[in-house]
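Below is one structure, written out as structure tokens, with a few remarks after it.
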Amino acid sequence: VDGQNLSYALVQVVHNAGAVSVAGGAAFARWGGRDAPTRRAAFIVLFGWAAQALSGATFGAISYAYYGQLPDLHGIAVAALVVKMVCAACGFSLAAACLVRQGHWPDARRGHVWDLSLGLAAVALIAAAFLRWFS
Ligand code: HEM
């Protein structure tokens with residue numbers, strides 16, 4: 001088994017699980033009804049964004065370990081990567097704010113925050129497709 005491919009595949013397992021967590025967690029909190037345990041959802045989404053940032057960085061580290069340099073990205077691929085990083089930073093902050101503050105928020109505000117969180121996940125997934133095919 002090729003070690004490099006195995007490393008990428010294992011990191012991709014984490015990265016895919018993180019993508020499901022951020023999108024699924026926000027969708028559940030948003031549409032799961034009034035009884036949806038939003039605090040648990042906020043934890044899942046928080047860890048999901050962190051997993052995306054860490055596993056995304058690990059992709060770069062693997063490339064560096066095997067080639068002595070980071071992937072040579074240009075144009076659309078760089079823009080897509082920046083979009084993903086911004087989404088991860090905003091999504092993580094939003095989930096953290098939700099954990100700390102949501103007890104003080106009215107239902108409408110909570111709903112808007114989960115809409116935004118879901119939107120960030122959608123944008124990140126769209127950017128992932130562009131990164132994949134323009135890199
Ligand atoms: C700091 C943030 C992130 C970094 C550095 C990062 C980096 C990467 C890299 C290097 C790849 C492999 C690209 C390739 O196949 O050529 C990848 C794939 C992928 N990323 Fe991310 N990512 C980040 C955040 C996210 C987020 C937030 C999501 C979704 C919510 C996401 C979803 C995906 C998906 C679905 C793939 C697989 C694409 C495919 O092969 O079709 N990533 N990411």
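Within the range 67-89, track down each residue that is touching a helix residue (DSSP H, G or I) at 6+ places or on another chain (Cβ under 6 Å) and either aromatic (Phe, Trp, Tyr) or more than 10 Å from the ligand (Cβ to nearest atom) (or both). Correct list: 76 only. Within the range 1-19, work out how many residues are assigned to a helix (DSSP H, G or I), surrounded by fewer than 13 Cβ atoms within 10 Å (Cβ to Cβ) and of a type in the set (Val, Ile, Thr). Summing the residues that are assigned to a helix (DSSP H, G or I), surrounded by fewer than 13 Cβ atoms within 10 Å (Cβ to Cβ) and of a type in the set (Val, Ile, Thr) in the range 1-19 gives 1.
Conditions (1) acidic (Asp, Glu); (2) loosely packed, with under 12 Cβ neighbours inside 10 Å; (3) outside any helix (DSSP H, G or I); (4) in contact (Cβ under 8 Å) with a residue 60 or more places away in the chain, marked per residue:
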| residue | (1), (2), (3), (4) |
| --- | --- |
| 36 | no, no, yes, no |
| 45 | no, no, no, yes |
| 78 | no, no, no, no |
| 87 | no, no, no, no |
| 97 | no, no, no, no |
| 101 | no, no, no, no |
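Tallying residues that are near the ligand (Cβ under 7 Å from one of its atoms), surrounded by fewer than 17 Cβ atoms within 10 Å (Cβ to Cβ) and not aliphatic (A, V, I, L, M) within the range 47-66 yields 2. There is no residue in the range 106-121 that is free of Cβ contacts under 8 Å to residues at least 60 places away in the same chain, within 11 Å of the ligand (Cβ to nearest atom), among the β-branched types (Val, Ile, Thr) and assigned to a helix (DSSP H, G or I).
In the list 57, 53, 29, 61, which residue meets the criterion of being in contact (Cβ under 8 Å) with a residue 24 or more places away in the chain, part of a helix (DSSP H, G or I) and over 16 Å from residue 119 (Cβ atoms)?
Working: 57 fails: in contact (Cβ under 8 Å) with a residue 24 or more places away in the chain; 29 fails: over 16 Å from residue 119 (Cβ atoms); 61 fails: in contact (Cβ under 8 Å) with a residue 24 or more places away in the chain.
After applying the criteria, what remains is 53.
Where a number appears in this text, it was derived from the coordinates with a stated rule and is not lab data. Keep in mind it's a predicted model, so treat the numbers as computed, not measured. Quick reminder, even Gly has a Cβ in these numbers, built from the backbone with ideal geometry, and neighbours come from all protein chains shown.
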